[in-house]
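The values are calculated or read from the model by the stated rules, or taken from the named source; none is laboratory data. Values in this document were obtained by computation on a predicted structure and should not be read as measured data. Neighbour counts run over all protein chains shown; Cβ positions are idealised from the backbone, glycine included. Quick note on the areas: whole protein, heavy atoms, side chains included, nothing else; ligands and nucleic acids left out. Shrake-Rupley method; radii C 1.70, N 1.55, O 1.52, S 1.80 Å.
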There are 2 protein chains.
Amino acid sequence: MIERIAHIGIAVRSIDETRPLYETLGLKIEAIEEVAEEEVRVALISCGESHIELLEPTSETSPIARFLDRRGPGLHHLCLATDDVKGDDARLKEAGFRVLRPEPTRGAGGCWVQFVHPKTTGGVLLELSQGADGDDG
Amino acid sequence: MIERIAHIGIAVRSIDETRPLYETLGLKIEAIEEVAEEEVRVALISCGESHIELLEPTSETSPIARFLDRRGPGLHHLCLATDDVKGDDARLKEAGFRVLRPEPTRGAGGCWVQFVHPKTTGGVLLELSQGADGDDG
C-alpha cells in the first residue's frame, strides 16, 4: 500500500544557490548527504510527512548532471512510500510496467527501493521506497 | 509556515491512459474536475496528507497543452500548503523572487494561491496554497 509522498527530488546545479528559496519560505535543510554511487549531493528538506530533496551532481557523469544537460534544472522524480515494495514490484511487472531493476534493491538509509521507467509512467521517474528504518522512504 | 506538500501536478496527455499506473499501486482517483479557466481536467489522487494531480489539457491553447508540446508529459509543478500565503508572498518579493500574480488570488476550491516563476526557483513552477476550506491546498 502506498502511504504517502516520501519525497520529491529536484535537480539543481547548486544547493547553495537554490536553498534561499526554501529558507525564505521557512523550510530548513536538515542534512546534506553525499551519495557516492549516484555521484550526487542531496539536501534534505523536511516538509510535513514528506521531504523535498535537492539533488546536486558531484561529477559530469552523474545521472543528475545528464538530466541537467538535457532538461535543465527542475522537478526530477517522485518517490512514494510503500509498506510492500516487493508486492508493488510484482504487480507493476504483471501489469506490463517497466521497472529499472530486476528486483527491489537496498537504497540509501537502508530502504528497499524500485524505480518505474518514465517510458511507461507518462514521463515520470517514479521511485517506490519501503523504509527499513522507519519514518522516511 | 509551510505545512506539507499539498500536491504534485503531473501533465498527462490522457487521464484514462495514465490512471492504470496509480491504480496498480492501489491509489484511487477520488474525483475528476474540469477547471475551465485553466482549460484542464484534473484527476485527484489522495496520497497521505498530499494529492497527486493528473492534469489533462482540454484545449490546444491550455498551459498544460503548451507544456506537453515543449517538454512532453511528466512532473509539472509542486504545490506547498501554507498557513500564510500573503506573508510568504511578501517575503518572496522582498527576497527578489518573481511571483506570477501581483497578489495571491482565489484558486480552485476557494484556496488562496500564488505561484513562483521557474526562472527564479531553479526550474520549478512552485505553487503556494492556503486552503480556505480546510484540508487541502
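Which length gain, in nm to one decimal place, applies between B:Arg101 and B:Glu30 when the Cα-Cα distance is subtracted from 0.36 nm times their residue separation? The partial results should precede the final answer.
On the way: separation 71, 0.36 × 71 = 25.56 nm, distance 2.96 nm.
Result: 22.6 nm gained on full extension.
Only counting protein heavy atoms at a 1.4 Å probe, give the residues of the range B:37-58, ordered by number, whose accessible area falls by 40 Å² or more when the other protein chains are present relative to the chain alone.
B:Cys47, B:Glu49
So which lysines pass the test for A:Lys28, namely a Cα distance under 28 Å, with those fewer than 8 places away in the same chain ruled out?
Once the sequence-local lysines are set aside, what remains near A:Lys28 is B:Lys86, B:Lys93, B:Lys119.
Taking amide H atoms as placed 1.01 Å from N in the peptide plane, list the residues 5 or more away in sequence, or in a different chain, whose amide H sits under 5 Å from that of A:Glu39.
none
Springs between alpha-carbon pairs under 10 angstrom, Gaussian network model over chain B: which of B:Ala36, B:Ala90, B:Ala81 fluctuates most?
B:Ala36
On average, how many beta carbons from a partner chain sit within 10 Å of the beta carbon of a residue in A:18-26? Write down the numbers at each step before the final one.
On the way: counts 4, 1, 3, 9, 4, 1, 9, 13, 7.
Mean shielding count: 6.
What residue in chain A has the Cβ closest to the axis turning A into B, and how close is it in whole Å?
Result for the axis mapping A onto B: A:Leu75, 2.
How big is the B/A interface in buried accessible area, both sides summed, 1.4 Å probe, to the nearest 100 Å²? Intermediate results must be reported in sequence, preceding the final value.
Working: alone 7810 and 7790 Å², together 12470 Å².
The B and A chains share an interface burying roughly 3100 Å².
Taking the full set of protein chains and a 1.4 angstrom probe, give the accessible area of A:Trp112 in square angstrom, rounded to the nearest 10.
The value for A:Trp112 is about 90 Å².
With a cut-off of 12 Å, note down the residues of the range B:52-82 whose backbone N falls inside the zone around a label point 7 Å from the Cα of B:Glu37 toward its beta carbon.
Label zone hits: none.
Can you list the copy-to-copy distances for B:Glu17, using a point 7 angstrom from Cα toward Cβ, in nanometres, shortest first?
Those separations, rounded to one decimal, come out as 3.5 nm.
Provide A:Arg101, B:Arg91 ordered by accessible surface of protein heavy atoms (probe 1.4 Å), highest first. It would help to have the intermediate numbers written out before the result.
Values: A:Arg101 65, B:Arg91 100 Å².
The ranking, largest first, comes out as B:Arg91, A:Arg101.
How big is the charge dipole of the protein assembly as shown about its Cα centre, in debye rounded to the nearest 20, if each Lys and Arg gets +1 on its Cβ and each Asp and Glu gets -1 on its Cβ?
Numbers: 30 positive and 50 negative charges, 197 e Å.
About 940 debye.
Could you report the accessible area of A:Met1 in Å², rounded to 10, computed with a 1.4 Å probe on the protein chains as they sit in the structure?
Per-residue accessible area (A:Met1): approximately 130 Å².
How many nanometers, to one decimal and shortest first, lie between the label point of B:His117 and those of its other copies, if labels sit 7 Å from Cα toward Cβ?
Those separations, rounded to one decimal, come out as 3.9 nm.
Rounded to the nearest 10 Å², what accessible area does B:Thr61 show when all protein chains are kept and the probe is 1.4 Å?
Roughly 90 Å² of B:Thr61 is accessible to a 1.4 Å probe.
With the Cα gyration tensor of the range A:2-130 giving a ≥ b ≥ c as the square roots of its eigenvalues, does the rule (a/c under 1.5 for rounded; else a/b larger than b/c for prolate; else oblate) give rounded, prolate or oblate?
Working: a/c = 1.91, a/b = 1.48, b/c = 1.29.
Because a/c hits 1.5 or more and a/b exceeds b/c, the range A:2-130 counts as prolate.
In what sequence, largest accessible area first, do B:Thr121, B:Thr105 appear using a 1.4 Å probe? Let's see the in-between values first.
On the way: B:Thr121 5, B:Thr105 45 Å².
In descending accessible area the options line up as B:Thr105, B:Thr121.
If the elastic network links every pair of Cα atoms under 10 Å, which of A:Glu17, A:Glu34, A:Glu53 fluctuates the most in the Gaussian network model of chain A?
With Cα springs under 10 Å in chain A, the top fluctuation among A:Glu17, A:Glu34, A:Glu53 is at A:Glu17.
Per the 1.4 Å probe, what fraction of the accessible area of the protein assembly as shown, in percent, lies on carbon and sulfur atoms? Please report the intermediate quantities before stating the final value.
On the way: 5970 of 12470 Å².
Of all accessible area on the protein assembly as shown, carbon and sulfur atoms account for 48 percent.
Only helical DSSP H runs with n ≥ 4 go in: add -39500 (n - 2.57) per run for chain B, normalise by residue count and round the 222 nm mean residue ellipticity to 500 deg cm²/dmol. Write out the running numbers ahead of the final one.
Numbers: 3 runs with 29 residues, N = 137.
The per-residue figure over chain B is -6000 deg cm²/dmol.
At 1.4 Å probe size, with every protein chain present, just tell me what the per residue accessible area of the protein assembly as shown comes to in Å². Don't skip to the end; give the middle numbers.
On the way: 12470 Å² over 274 residues.
Spelled out: the 1.4 Å probe surface of the protein assembly as shown, per residue, equals 46 Å².
Using a label position 7 Å from Cα in the Cα→Cβ direction, what is the ascending list of nm distances from B:Glu34 to the same site in the other copies?
5.5
Could you order B:Asp16, B:Asp83 so the one with the most accessible surface comes first? Probe is 1.4 Å.
Numbers: B:Asp16 100, B:Asp83 75 Å².
Of B:Asp16, B:Asp83, the descending order of accessible area is B:Asp16, B:Asp83.
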